[in-house]
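To keep things clear, I will list the structure first and then write my remarks on it.
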Amino acid sequence: MMKSKKFKNNNNSQNGHRSKRTKSDKPDPFFDGDSKRRKKIVHDNDEDSIKSSDSDDYEDRDVAAAVEDDAEGNEMFEDENAVEKRKRLADAFLEKMRASLRKEEDEDDEVDERGGKEDGDRDSRVARMLQAQQLEDSGRVRKLIASRVQKPGTTDGFRVLVKHRQSVTSVVLSEDDSKGFSASKDGYIVQWDVDSGKTEAYAWPSEEVLKSHGAKDPQGRAKKRSKHVLALAVSSDGRYLASGGFDRHVHLWDTRTREHIQAFPGHKGPVSCLTFRQGTSELFSGSYDRTIKIWNAEDRSYITTLFGHQSDVLTIDCLRKERLLTVARDRTMHLWKVPEESQLVFRASASSLECCCFINNDEFLSGSDDGSIEHWSVLRKKPLHIVKNAHPSLMIPSKPDDDDDDDDLPNGDKDDLGEKVCSSVNSWVSSVSVCRGSDLAASGAGNGVVRLWEIESDAKGVRPLYELPLVGYVNSLAFAKSGNFLVAGVGKEPRLGRWGSLPAARHGVVVHQLQLSK
């Protein structure tokens, strides 16, 4: 089980580096009070304390992002302390929102000549907008996007964005959906622009550089370090990219320079999954050694290890709260409550769970190797709903197309796809994804389609929407926050093995634009 003493001590050390930056010759009593408040949040397991901490992180991130360009390089604010800077950034952010509303009112010719009342009404609207945005971001209010998704036409299909030489194992998007990252079995890590498709590769450093960054010698019978990548994760601020694979290390990259900056050893098996906690630099890694480890990317430090699974950990997900969702080959899904040092175990009936993701803090979605999709709630140990045969075996081509220069993948009638491949592995649900804070979900397998789902309110079930034909094993899915497009990583082989092969598939990253009604 979790080592509470080590975890708490490391949390205190992480908070300590902030006080050093604001330290002065004459102690400020405000920071003494703030330190006591932080200690109370760390040791208090009350739900309200966690929520208030999450809200503060949200405000810091949005306020800083709104005026980042204005704050950088301005010498007149060099002498201000942390409280003054926070107030200045908040005032600038609010003024920007007021100006935006003022512009809308001018365009609609609804300007009120009575300035006082107008300003009061405008501030009320700003407050409501901020509150609604915070509730959506925290997952307490669900955006209704699924009902707005229009049926794709026969000419609408997946468009190839990035080509890889081997099967793509992981695809992630940055917080603003402008950039994406993908990795494949040959160790190739690529950063790409969503709009233009321009790519930039990450170059692996030499063995000497890796050892200077903390990497250990290859373990077991391996004589050479493997560059086979299984998982990627990008931090909310877009500064750090984490990768993991067969070399049993978690590698940290700087996205601005695309240089390797740190290697975290410690896992005794391949690193199969990674995720950052939203709004923080906390990094979580799952491995074939049945453990989950917690790291701090900002401090380049190890925090603690979580024990509980009895087999290989396959998938991991995390939202803003310190809660982790993991699935493993032991047919269980675990919800880890890190501050409380506890875990809830959810057991699958007969099949083995392959993938999972959060819908919100209290609901989850998972996919199984029998082709079913499960909808779970934190209040029940068994699924609320099971969609059986979600990805039935379909007709897929036995040979690749002769036209390799065509970047549009087939999106027509499934009956035209050719010879049927009889393999149950094609129906395995290998990836699931939920558009953050909404009721729109997607699932992928190797049967020739990506399926869109609507997660109905009040836990009424999961309703199928549309099928998006795509040949290949869909090893990874990522939604844009707005729901305007869906990105998929595909290949001829499954992500974690070679027990299946689809010769007609192409290795790469593909994108599908979703049309939303207003």
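Does the range 181-204 include one or more residues that are in a loop (DSSP other than H, G, I, E, B), open to solvent by 20 Å² or more (accessible area, probe 1.4 Å) and touching a Pro at 6+ places or on another chain (Cβ under 6 Å)? Scanning the range 181-204, I find no residue that is in a loop (DSSP other than H, G, I, E, B), open to solvent by 20 Å² or more (accessible area, probe 1.4 Å) and touching a Pro at 6+ places or on another chain (Cβ under 6 Å), so the answer is no.
Within the range 470-518, restricting attention to residues that are touching a residue at least 12 places away in the same chain (Cβ under 8 Å) and of a type in the set (Ser, Thr, Tyr), which residue is farthest from TRP428 (Cα to Cα)?
Among those that are touching a residue at least 12 places away in the same chain (Cβ under 8 Å) and of a type in the set (Ser, Thr, Tyr), it is SER517.
When the range 442-460 is filtered for residues that are in contact with a helix residue (DSSP H, G or I) (Cβ under 8 Å, 6 or more places away or on another chain), open to solvent by less than 10 Å² (accessible area, probe 1.4 Å) and assigned to a strand (DSSP E or B), the ones remaining, listed by number, are VAL449, LEU452, TRP453, ILE455.
Looking across the range 471-518, just one residue is assigned to a loop (DSSP other than H, G, I, E, B), closer than 16 Å to ALA183 by Cβ and hydrophobic (A, V, I, L, M, F, W, C), and that is LEU496.
For the range 347-369, a tally of residues being over 15 Å from the mean Cα position of the chain (by Cα) and of a type in the set (A, V, I, L, M) returns 3.
For the range 295-315, does any single residue satisfy the condition of being polar (S, T, N, Q) and in contact with a Cys (Cβ under 7 Å, 6 or more places away or on another chain)?
yes
Listed by first and then second residue, the pairs linking a residue in the range 376-393 that is of a type in the set (D, E, K, R) to a residue that is in a loop (DSSP other than H, G, I, E, B) and crowded, with 16+ Cβ neighbours inside 10 Å, with Cβ atoms under 7 Å apart and 6 or more places separating them unless they lie on different chains, are LYS388/SER372.
Write out, first by first residue and then by second, each pair whose Cβ atoms fall under 9 Å of each other, whose residues are 6+ apart or on separate chains, and whose first residue, in the range 207-220, is over 13 Å from GLN262 (Cβ atoms) and at pLDDT below 90 while the second is part of a helix (DSSP H, G or I) and not small (Gly, Ala, Ser). What qualifies is ASP217/LYS211.
Only a single item in (1) touching a residue at least 12 places away in the same chain (Cβ under 8 Å); (2) open to solvent by 10 Å² or more (accessible area, probe 1.4 Å) is not met by SER243, and it is number (2). If you filter the range 461-490 down to residues that are on the phi < 0 side of the Ramachandran plot and of a type in the set (Gly, Ala, Ser), you find that the one that is surrounded by the fewest Cβ atoms within 10 Å (Cβ to Cβ) is SER482. State all residues of the range 335-355 that are assigned to a strand (DSSP E or B) and open to solvent by 10 Å² or more (accessible area, probe 1.4 Å); if no residue qualifies, say none. Those that are assigned to a strand (DSSP E or B) and open to solvent by 10 Å² or more (accessible area, probe 1.4 Å): LYS337, SER342, GLN343, LEU344, VAL345, ARG347, GLU354. Any idea which of ARG323, ARG329 is surrounded by fewer than 20 Cβ atoms within 10 Å (Cβ to Cβ), in contact with a Leu (Cβ under 8 Å, 6 or more places away or on another chain) and among the basic types (Lys, Arg)? Going through ARG323, ARG329 in turn, just one is surrounded by fewer than 20 Cβ atoms within 10 Å (Cβ to Cβ), in contact with a Leu (Cβ under 8 Å, 6 or more places away or on another chain) and among the basic types (Lys, Arg): ARG329. If you filter the range 356-391 down to residues that are surrounded by fewer than 23 Cβ atoms within 10 Å (Cβ to Cβ) and among the acidic types (Asp, Glu), you find that the one that is farthest from LEU319 (Cα to Cα) is ASP370.
Within the range 255-311, restricting attention to residues that are of a type in the set (Ser, Thr, Tyr) and not in a strand (DSSP E or B), which residue is surrounded by the fewest Cβ atoms within 10 Å (Cβ to Cβ)? If we take residues in the range 255-311 being of a type in the set (Ser, Thr, Tyr) and not in a strand (DSSP E or B), then THR257 is surrounded by the fewest Cβ atoms within 10 Å (Cβ to Cβ).
The values are calculated or read from the model by the stated rules, or taken from the named source; none is laboratory data. The shown structure was predicted, so the numbers you read here are calculated from the model rather than taken from an experiment. For neighbour counting, all protein chains shown are included, and Cβ atoms are generated from backbone atoms with ideal geometry for every residue, glycine included. The area values use the complete protein model at the heavy-atom level, side chains included, leaving out ligands, DNA and RNA. Shrake-Rupley method; radii C 1.70, N 1.55, O 1.52, S 1.80 Å.
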